[in-house]
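Chemist: Shown below is the structure under consideration.
The values are calculated or read from the model by the stated rules, or taken from the named source; none is laboratory data. For clarity, every value in this text was computed on a predicted model and none was experimentally measured. Every residue, glycine among them, receives a Cβ derived from its backbone with ideal geometry; neighbour counts consider all protein chains shown. SASA here: full protein model, heavy atoms, side chains in, ligands and nucleic acids out. Shrake-Rupley method; radii C 1.70, N 1.55, O 1.52, S 1.80 Å.
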Amino acid sequence: MSEVEAKSAQGKSLRGVAYSCMRCSTVISVGIDPMALKGDMVREVMEEFKKLQDGKTK
């Protein structure tokens, strides 16, 4: 397993993981890193809560 950057057509990129064969290094699967996604989501939600506490809105 190795980290990769997953880019979308909209320009946003996410951290991903690539699963490869240990013997021949052939890529078996690529996907979004669920732990990184969770961490990013928690951080963004907390930022929005802080804005609400400070009385700031979009």
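Chemist: In whole percent, and with a 1.4 Å probe on the protein chains, what portion of the accessible area of the chain is carbon and sulfur?
Modeler: C and S atoms contribute 58 percent here.
Chemist: Across the chain, what fraction of all alpha-carbon pairs, as a whole percent, falls in each successive 5 Å bin from zero upward?
Modeler: All Cα pairs considered, the percentages come to 4, 17, 17, 16, 15, 11, 8, 5, 3, 3, 1, 0.
Chemist: Nearest 10 degrees is fine. How inclined is helix 34-53 to the longest principal axis of the chain, computing both from alpha carbons?
Modeler: The answer is roughly 10 degrees.
Chemist: Which trypsin sites (Lys or Arg not before Pro) in the range 13-57 pass both tests, a DSSP loop state and at most 16 other beta-carbon atoms within 10 Å?
Modeler: Sparse-neighbourhood loop trypsin sites (Lys or Arg not before Pro): R23, K56.
Chemist: Separate question: With every protein chain present, what is the per residue accessible area of the chain (1.4 Å probe, Å²)?
Modeler: 91
Chemist: Excluding same-chain residues fewer than 8 positions from K56, which aspartates and glutamates have a Cα within less than 18 Å of its Cα?
Modeler: Output for K56: E44, E47, E48.
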